[in-house]
1. Over the Cα atoms of the chain, what Rg and Dmax result, in angstrom?
2. For the range 22-170, what relative contact order do you get, as a whole percent, if you take Cα pairs closer than 8 Å and at least 6 residues apart?
3. Between LEU74 and residues 5 or more places away or on another chain, which pairs have amide H atoms under 5 Å apart, with H built 1.01 Å from N, and which residues are they?
4. How much length is gained if the chain between MET1 and ARG170 is pulled fully straight, taking 0.36 nm per residue apart and subtracting their Cα-Cα distance, in nm to one decimal?
5. Would you mind telling me the antiparallel percentage of the DSSP bridges in the chain, rounded to 5?
6. So what's the angle, to the nearest 10 degrees on a 0 to 90 scale, between helix 4-15 and the longest Cα principal axis of the chain?
7. Using label points projected 7 Å from each Cα along Cα→Cβ, tell me how many nm separate GLU102 and ALA141, to one decimal.
8. Suppose a student asked you for the relative contact order of the range 1-63, using Cα pairs under 8 Å spaced at least 6 residues apart; what percent would you report?
Amino acid sequence: MHEPEGIRSFLLAEFGWTVADIAEVGKGAWSTAYGFVAEGRDLVIRIGRHVDDFDADRAASTHRSRLLPIPEVLHIGPFAHEHCCISTFAPGTPLELCSVPEWNAVVPSLADAIEAMRRCEPHAPVRAWRDTLLAVDSDHAGTRLSGWRERIERSPAASGALTESMLQLRAIDLDGVRPTLTHGDLINRNVHVVDGAVSGIFDWGCMRWGDHLYDLAWFDFWSPWFPDIDVGLLRAQLDRRWSDEGFEIVNRAERERACLLHIGADHLVYNSFTESRSGLDDLVERMRDLDLI
């Protein structure tokens with residue numbers, strides 16, 4: 001946690017902003033966000049050790065639109081011994097905290113955002129989707145996840161689940177998947193809702209260019225943790241739009257399975273790194289429920 005006075009001094013020295021109130025507005029695994037008002041605008045400064053997360057925010061923000069309300073990134077730079085990112089603030093309630101009526105109301109807006117991402121294309125060539133998914137169990141040497149492989153061996157069930165997941169991923173044909181923008185974490189307080197509409201999508205550190213089905217699979221995978229979220233309603237909304245458009249999804253079942261396998265494998269790696277035995281146990285159980293392992 002950073003003291004408000006230190007942030008206030010930084011904003012004054014760097015931008016000439018005299019800021020009165022600074023309050024913590026969010027905290028994730030890799031950064032902490034603080035809200036403030038400067039030059040008549042509600043802004044947020046996130047501070048963390050990993051500048052690549054903030055670079056992803058800036059890259060995603062180039063695709064912002066009315067239907068895809070990504071905060072505008074104003075500044076990325078050093079902050080003490082860490083890094084900071086200043087962006088416009090997206091007010092609202094976290095998507096996963098919506099009640100059943102609130103979820104029912106926001107589904108069309110959420111579908112708009114997911115469809116807007118499907119229509120986003122990369123500005124430069126990107127890695128093939130299959131290669132992106134298969135990179136999940138690399139050693140990550142020198143990265144924030146360094147050391148996970150040794151730790152997962154302490155859980156035979158988790159290690160076995162990862163091995164089985166990778167075997168299946170390697171066997172799935174993913175050639176021809178057109179790369180589109182995927183967020184990869186549309187819960188965990190990364191989507192805000194105001195008056196039945198998505199007001200902001202932020203924290204793009206898990207952004208990948210790949211299968212547009214990934215974010216739908218994300219809701220499927222984590223649905224037991226959020227019983228008020230009716231994933232079937234979101235799926236039906238998207239299916240109806242794709243049908244009306246005449247948009248055909250080739251090899252859909254296998255592609256969705258690949259997304260689910262990757263989500264499970266990715267979080268086996270993460271929970272091994274954080275040494276969360278309960279998290280690993282929950283993941284293995286969920287993967288079994290989904291018939292993934």
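1. 19.7, 57
2. Values: 146 pairs, mean separation 21.4, N = 149.
RCO, the range 22-170: 14 percent.
3. Under 5 Å from the amide H of LEU74 lie the amide H atoms of ILE86, SER87, THR88, each far enough along the sequence or on another chain.
4. Extra length available between MET1 and ARG170 comes to 56.7 nm.
5. If we restrict to bridges inside the chain, about 100 percent are antiparallel.
6. 80
7. Result: 4.7 nm between the two label points.
8. On the way: 65 pairs, mean separation 12.6, N = 63.
Answer for the range 1-63 is 20 percent.
Readers should treat all values here as calculations from the given coordinates under stated rules, not as data from a laboratory. Everything quoted here is computed from the prediction, not taken from an experiment. Cβ atoms come from the backbone with ideal geometry, glycine included; neighbour counts cover every protein chain shown.
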